[in-house]
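Notes for the one structure printed next.
The values are calculated or read from the model by the stated rules, or taken from the named source; none is laboratory data. Predicted model, so just to flag it, every value in this text is computed and none were measured. Quick reminder, even Gly has a Cβ in these numbers, built from the backbone with ideal geometry, and neighbours come from all protein chains shown.
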Amino acid sequence: MRAIEKAGYRPGDDVALAIDAASTEFFKNGKYELAGEGKACRRDHDGSILEDLASRFPIVSIEDGMSEDDWTAGSR
C-alpha cells in the first residue's frame with residue numbers, strides 16, 4: 001500500500017490488486033504447504049487466509065485460490 005501511495009495513487013480508488021495464487025503448485029498430501037512460511041494449512045484454512053487478505057487490501061480478483069485437485073475446498 002505504501003508503494004501505491006508513494007507513487008501518488010489511492011489504493012482501492014486508483015489502484016486495485018489481483019492475486020494469482022497458483023494453489024495447485026503448493027497443495028500436497030491434502031494440505032497447502034506454505035514452505036516460505038514454514039507452515040502447512042488444512043484445506044479449510046486456505047480460504048480464510050484469502051478472505052483475510054481481501055478484507056484488508058483492495059483485492060478485486062483471486063485466481064486459482066484453491067487447488068484444482070481440492071474438490072472439498074470452500075465447502076465449510
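Restricting the first member to the stretch 1-16 and to residues that are without any contact (Cβ under 8 Å) to a residue 40 or more places away in the chain, and the second to residues that are of a type in the set (Val, Ile, Thr) and surrounded by 12 or more Cβ atoms within 10 Å (Cβ to Cβ), the beta-carbon pairs closer than 8 Å and six or more apart or on different chains are 4/15; 9/15; 10/4; 14/4.
Any idea which residue in the stretch 27-41 is surrounded by the most Cβ atoms within 10 Å (Cβ to Cβ), counting only those that are under 25 Å from residue 58 (Cβ atoms) and free of Cβ contacts under 8 Å to residues at least 12 places away in the same chain? Talk me through it step by step, then tell me what you get.
To start, the set of residues in the stretch 27-41 that are under 25 Å from residue 58 (Cβ atoms) comprises 32, 34, 36-37, 41.
Cutting the leftovers down to free of Cβ contacts under 8 Å to residues at least 12 places away in the same chain gives us 34, 36-37, 41.
On the way: 34: 13, 36: 7, 37: 8, 41: 17.
The qualifying residue surrounded by the most Cβ atoms within 10 Å (Cβ to Cβ) is 41.
Counting only strands (runs of 3 or more DSSP E) that sit completely within the stretch 1-75, those holding 3 or more residues that are at negative phi and modelled with pLDDT of 80 or more correspond to 17-20, 31-34, 59-63.
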